[in-house]
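S.K.: Mind having a look at this structure? Questions to follow.
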Amino acid sequence: LIAAIASWFVFRQINNESSVEDGIAIVYYNNDKILEIELVDGSYTIFDDTRIIAIDTEAMTYHVEGSNPYGVVIKYDNNKVKVIDEISPKHICQTQGWTNSTLSPLTCLPNNIIVVIEAPTIGDVPDDITS
């Protein structure tokens, strides 16, 4: 029991350290990128407009089509994203909660939708390996 509790705290700390406020939430359907949401301000880039059902810029919601024609509704708020509406047998997508962690993607497997958080690229800054 003590090992389980300690492991939970360690995982929680690692997850908090992997959070990014200026990253990108990338929405995939069957491994195809359909939408990117900037975590800084909620702005977006569409890659496959045939999968976009609706985007409400005032409510900051992005409705994308998955395997189910209703699709998945993603909400942006305070540098995080969350699935707020979808149709699936157990609604696991909705219960995953808010994320801005590169270690916690949102997976909606009945709809074949995955939302992955990527950290921002730093550019051409040399590091210890490439100098």
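The values are calculated or read from the model by the stated rules, or taken from the named source; none is laboratory data. Quick caveat, the model's predicted, so the values are computed rather than measured. Quick reminder, even Gly has a Cβ in these numbers, built from the backbone with ideal geometry, and neighbours come from all protein chains shown. To get the accessible areas, we keep the full protein, side chains included, count just its heavy atoms, and leave off ligands, DNA and RNA. Shrake-Rupley method; radii C 1.70, N 1.55, O 1.52, S 1.80 Å.
S.K.: Which order do peptides 63-70, 23-30 fall in by mean Cβ count within 10 Å, highest first? Could the numbers behind the result be given before it?
M.R.: Working: 63-70: 17.1, 23-30: 20.5.
Listed from highest to lowest mean packing, they are 23-30, 63-70.
S.K.: Further question: On average, how much accessible surface per residue is there in the chain, in Å², for a 1.4 Å probe, leaving out ligands, DNA and RNA? Could you put the intermediate results ahead of the total?
M.R.: Numbers: 8070 Å² over 131 residues.
For the chain, the per-residue accessible area is 62 Å².
S.K.: A follow-up question, please. Just to confirm a number: summing +1 for Lys and Arg and -1 for Asp and Glu over residues other than ASN79 whose beta-carbon lies under 14 angstrom from that of ASN79, what do you get?
M.R.: Details: positive: LYS75, LYS80, LYS82; negative: GLU21, ASP22, GLU38, ASP41, ASP77, GLU118.
Summing Lys/Arg as +1 and Asp/Glu as -1 gives -3.
S.K.: What's the carbon and sulfur percent of the chain's accessible surface, probe 1.4 angstrom, rounded to a whole number? If you can, show how the numbers build up before the last one.
M.R.: On the way: 4350 of 8070 Å².
Carbon plus sulfur share of accessible area: 54 percent.
S.K.: To continue, here is another question. Any idea what log10 I(q)/I(0) is at q = 0.11, 0.13, 0.17, 0.18 Å⁻¹ for the stretch 39-128, Debye with uniform C-alpha scatterers and no solvent?
M.R.: -0.33, -0.45, -0.73, -0.80
S.K.: Could you work out the helix-only [θ] at 222 nm for the chain, with each DSSP H run of four or more residues adding -39,500 (n - 2.57) and the total divided by the number of residues, to the nearest 500 deg cm²/dmol? Working shown, then result.
M.R.: Values: 2 runs with 20 residues, N = 131.
Only helices count here, giving -4500 deg cm²/dmol.
S.K.: Considering only the other residues whose Cβ falls under 14 Å of the Cβ of THR107, what net charge follows from Lys and Arg at +1 and Asp and Glu at -1?
M.R.: Once all neighbours under 14 Å are counted, the net charge is +1.
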